[in-house]
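Below you'll find the structure, written out as structure tokens, and then a few comments.
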Amino acid sequence: MGTANTAPLKTALVLGASGGVGGEVTRELLRTGWRVRGLKRGLGTPHLVREGVEWINGDAMLLTDVISAAQGCSVIVHAVNPPGYKRWAELVLPMIDNTIAAARQHGATILLPGTVYNFGPDTFPLINEDASQQPQTRKGLIRAELEHRLQVAAASGDVSVIIVRAGDYFGPHARNSWLSQGMLKPGRAVSAMYLPGRPGVGHQFAYLPDVARTMVSLLTVRDTLPTFSRFNMAGHWDAGGKQIAQAVQRVVTRRGYPQPKLRAFPWWLVWLAAPWVTTLREMLEMRYLWQTEVRMTNQRLVEVLGAEPCTPLEEAIEATLEGMGCLPDVKLLTLA
């Protein structure tokens with residue numbers, strides 16, 4: 001596979017290491033003994049070691065920066081996306097091309113957090129790992145092309161690829177998630193929770209630390225996998241659209257707060273503001289994922305790992321609320 005890699009086999013470059021997914025994968029890599037390198041613009045210095053990560057000043061949009069940062073790495077975690085859904089058409093595919101080129105030059109495995117955007121209604125409601133990708137949205141078409149390019153690269157024999165697909169992320173460090181941005185308000189005690197889904201329609205969620213554990217566990221067996229491997233996570237299935245919210249209610253009341261009210265998400269406000277806000281327009285395009293059941297099976301993952309890492313729901317919710325600053329100490333509030 002490409003140029004022989006003579007560096008230690010436990011060194012990974014994480015693109016997007018300061019983001020939600022990339023940051024969680026970085027923490028898991030460090031916890032399990034990996035050396036981690038991060039690429040970040042605006043460091044001010046070429047190299048900076050902080051909290052165990054070797055940070056390199058650079059840009060994932062610049063091929064020379066990615067190739068240089070990947071020197072000596074056996075894994076490249078491609079967890080970088082334009083923030084707020086902005087400029088996907090301009091940035092997403094050039095960045096994956098740079099990652100592919102760097103992996104080819106250094107003989108590295110590419111580890112990618114996948115999405116459900118790639119799939120269209122022909123695959124709903126239950127999606128397996130090899131389901132056809134016929135998306136009907138702009139972002140879905142871009143993500144499908146991204147995976148196609150990875151598959152072509154793997155077929156050439158120069159690159160190996162592992163894709164892990166999961167539901168809507170939540171977790172203590174998942175800053176750009178539906179739970180932290182649309183359903184709850186970070187930094188405040190939970191008085192209400194907003195439900196984006198159509199009543200009675202199930203939705204798939206994934207606890208981000210579980211996703212990171214799954215991705216890193218797959219790296220430990222990567223030599224036994226096909227050069228292009230896709231895995232789905234089952235995560236936490238919210239069967240009726242209220243189970244996540246009810247878990248939040250139980251955690252909040254157990255911690256001594258009044259039970260939060262459940263309210264419908266105000267999509268009408270999104271419609272009103274969308275003409276002026278790019279992120280809101282993109283949210284509307286993906287609203288279909290809240291109006292119909294889209295669920296992934298994890299059979300292949302269980303076959304390879306034996307079981308899917310899965311934190312109990314209420315434990316995961318409690319850690320998430322604490323990380324969001326939504327569970328300040330009740331006694332401190334009383335004294336204030």
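Things to note:
- Filtered by the rule that a residue be more than 18 Å from the chain's Cα centre (by Cα) and farther than 17 Å from I67 by Cα, the range 81-101 gives R87, A89, E90.
- The one condition in (1) part of a loop (DSSP other than H, G, I, E, B); (2) touching a Leu at 6+ places or on another chain (Cβ under 8 Å) that L146 fails to fulfil: (1)
- Taking residues in the range 111-139 that are farther than 21 Å from W237 by Cα, and partners anywhere that are among the acidic types (D, E), the pairs with Cβ atoms closer than 6 Å and at least 6 places apart or on different chains are Q134/D122; T137/E285.
- Just one of the listed residues (L195, L184, L262, L219) is of a type outside the set (K, R), surrounded by 21 or more Cβ atoms within 10 Å (Cβ to Cβ), in contact with a helix residue (DSSP H, G or I) (Cβ under 9 Å, 6 or more places away or on another chain) and over 30 Å from V304 (Cβ atoms), namely L184.
- Matching residues in the range 22-45 - criterion: being in contact with a Gly (Cβ under 7 Å, 6 or more places away or on another chain) and of a type in the set (G, A, S): G22
- Listed conditions (1) touching a strand residue (DSSP E or B) at 6+ places or on another chain (Cβ under 7 Å); (2) at pLDDT 95 or above; (3) crowded, with 17+ Cβ neighbours inside 10 Å are all met by A144, apart from (1).
- Selection within the range 17-63 - within 22 Å of L218 (Cβ to Cβ) and in a helix (DSSP H, G or I): G20, V21, G22, G23, E24, V25, T26, R27, E28, L29, L30, R31
- Residue match in the range 55-65 (condition: within 26 Å of T11 (Cα to Cα) and among the aromatic types (F, W, Y)): yes
- Scanning the range 284-312 for residues that are under 16 Å from A212 (Cα atoms) and of a type in the set (K, R) gives no hits.
- Test: residue in the range 314-334 that is in contact with a strand residue (DSSP E or B) (Cβ under 7 Å, 6 or more places away or on another chain), modelled with pLDDT of 95 or more, surrounded by 18 or more Cβ atoms within 10 Å (Cβ to Cβ) and of a type in the set (D, E): no
- For the residues D210, D158, the requirement of being touching a residue at least 60 places away in the same chain (Cβ under 8 Å), among the acidic types (D, E) and in contact with a Gly (Cβ under 6 Å, 6 or more places away or on another chain) singles out D158.
- The residues in the range 64-83 that are touching a strand residue (DSSP E or B) at 6+ places or on another chain (Cβ under 8 Å), surrounded by fewer than 24 Cβ atoms within 10 Å (Cβ to Cβ) and outside any loop (DSSP other than H, G, I, E, B) can be counted, and the count is 2.
- The residue of the range 18-33 that is nearest to C73 (Cα to Cα), among those that are hydrophobic (A, V, I, L, M, F, W, C) and surrounded by 22 or more Cβ atoms within 10 Å (Cβ to Cβ), is L29.
- Per the listing S160, S156, the residue uniquely at pLDDT below 95 and hydroxyl-bearing (S, T, Y) is S156.
- Residue within the range 110-127 that is assigned to a helix (DSSP H, G or I), hydrophobic (A, V, I, L, M, F, W, C) and surrounded by fewer than 20 Cβ atoms within 10 Å (Cβ to Cβ) present: no
- R104 vs. criteria at pLDDT 95 or above, in contact with a Gly (Cβ under 6 Å, 6 or more places away or on another chain) and either farther than 17 Å from V66 by Cα or part of a helix (DSSP H, G or I) (or both): yes
- Residue match in the range 104-111 (condition: within 24 Å of P226 (Cβ to Cβ) and among the small types (G, A, S)): yes
- Taking strands (runs of 3 or more DSSP E) as the structural unit, those lying wholly within the range 154-236 and holding at least 1 residues that are of a type in the set (G, A, S) correspond to 160-165, 192-195, 203-207, 228-232.
The values are calculated or read from the model by the stated rules, or taken from the named source; none is laboratory data. This one's a predicted model, so the numbers in the text were calculated from it and none came from an experiment. Because the Cβ atoms are built from the backbone with ideal geometry, glycine has one as well, and the counts that use them run over all protein chains shown.
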